[in-house]
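Enquirer: Submitted below is the structure of interest, expressed as structure tokens.
The values are calculated or read from the model by the stated rules, or taken from the named source; none is laboratory data. Here the structure is a predicted model, which is why all the values come from computation and not from measurement. Neighbour counts run over all protein chains shown; Cβ positions are idealised from the backbone, glycine included.
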Amino acid sequence: MAVKEKWMPSPHYSSSRGPYNVAVFHTTEGAMTIESLGSWFANPSAQCSSHHGADNSSAGLLGAYVYENHKAWTQGNANPWCLSLEMCAYASWSRSTWLGKPTLLNNAADWLRHICDKYKIPYTVLSNSQAQSGTVKGICQHVNFGSMGGGHHDAGSGFPLDEVIKRARGGSTTPPPDSGMAGINMPAVALLNGKLHQAGVWNDGRPHYQFEGEGWYQIDTASPPFKAKSGADITVNQANGLIVVAVTGLDGNLWTFQQRVADPGDGPALKGKWGKYNRGGHASLR
């Protein structure tokens, strides 16, 4: 998709660059608008720049400072293979503070979708070693580059990268074309080894699950089908890969649906083999 840009050129860039492999999130630690960020990048003494910027006040508009086919100066020795977004924010923000900045998160998601679509970058969150290799495609934060990136700590531990990815992926809230369903409540997201696991409850009350790159499918196929009265929550145990989807049933009880991934970082081994547990007292496994 195309993005709307406000061009504010920076003189701080290199004309040669490496591959377009990694989308990187940064925080400005000061500038709170794309215009003030542009003014800083235009300052001859700054000696730094970024490809784009996003703030919480310019809905649907990104600051543009360096052409994507040039190398911006923002993540040290990792500059050659990176495309960068400076978010007008602080790395010290908590997750709740970030989530209270919907325009900023939407603008960040628009940028990520643009970059991933244009350069065929997967929605895969990279480890430190993957980000630093220069050859693995994916998404990371400035902090993942360690000393080669200048030892920075942004975008911060509270940055909701999972939420930005969810918004960037867009159609994840649209039901399958052949489902005959009206739509899904806002899905919950969990990450395991950089791979997305999502769960949500369709408007007809049926819990659904999606693994990255695959379609949504109904978790419980019993007859009559299980129905929930709330949206879903999802967790993935980092140690053993157990996926737990929790919903509130029409009976008012907490229900969980559980399945283990085939291998860490993969999706479930077999669709339909979910454990179904009524946390009010009994359990059954289909």
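Enquirer: Looking at A131, A108, A155, which one is touching a residue at least 40 places away in the same chain (Cβ under 8 Å) and touching a Ser or Thr at 6+ places or on another chain (Cβ under 6 Å)?
Expert: Being touching a residue at least 40 places away in the same chain (Cβ under 8 Å) and touching a Ser or Thr at 6+ places or on another chain (Cβ under 6 Å) holds for just one of A131, A108, A155, which is A155.
Enquirer: Test G138 against the criterion of being surrounded by fewer than 17 Cβ atoms within 10 Å (Cβ to Cβ), under 14 Å from the mean Cα position of the chain (by Cα), modelled with pLDDT of 85 or more and under 20 Å from L112 (Cα atoms), and give yes or no.
Expert: Answer is no for this residue.
Enquirer: Being part of a helix (DSSP H, G or I) and not hydroxyl-bearing (S, T, Y) is the filter here; which residues of the range 127-143 pass it?
Expert: N128, Q130, A131, Q132, H142, V143
Enquirer: When the residues of the range 33-47 are narrowed to those that are in contact with a His (Cβ under 9 Å, 6 or more places away or on another chain) and surrounded by 18 or more Cβ atoms within 10 Å (Cβ to Cβ), which ends up farthest from A78 (Cα to Cα)?
Expert: Applying the filter and picking the extreme gives I34.
Each row is one residue, and each column tells you yes or no for (1) assigned to a loop (DSSP other than H, G, I, E, B); (2) modelled with pLDDT of 95 or more.
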residue: V24; (1), (2): no, yes
residue: M32; (1), (2): yes, yes
residue: A46; (1), (2): yes, yes
residue: G53; (1), (2): no, yes
residue: T74; (1), (2): yes, yes
residue: N79; (1), (2): no, yes
residue: S92; (1), (2): yes, yes
residue: W111; (1), (2): no, yes
residue: D117; (1), (2): no, no
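Enquirer: With respect to the numbered conditions (1) in a loop (DSSP other than H, G, I, E, B); (2) within 24 Å of W40 (Cα to Cα), which one is the sole condition not fulfilled by I121?
Expert: Unmet condition: (2).
Enquirer: Related question: Quick check on the range 12-21. Is at least one of its residues touching a residue at least 24 places away in the same chain (Cβ under 8 Å) and surrounded by 24 or more Cβ atoms within 10 Å (Cβ to Cβ)?
Expert: no
Enquirer: If you don't mind, there's one more thing I want to ask. May I ask you to list the residues in the range 8-22 that are assigned to a loop (DSSP other than H, G, I, E, B) and polar (S, T, N, Q)?
Expert: Scanning the range 8-22 gives S10, S15, S16, N21.
Enquirer: For the range 54-77, state whether one or more residues are crowded, with 22+ Cβ neighbours inside 10 Å, in the same structural domain as T135 (by TED's automatic domain parsing) and within 17 Å of the chain's Cα centre (by Cα).
Expert: Yes, the conditions are met somewhere in the range 54-77.
Enquirer: Moving to a separate point now. Going by the conditions given, is Q218 under 25 Å from P160 (Cβ atoms) and not aliphatic (A, V, I, L, M)?
Expert: So Q218 fails the test.
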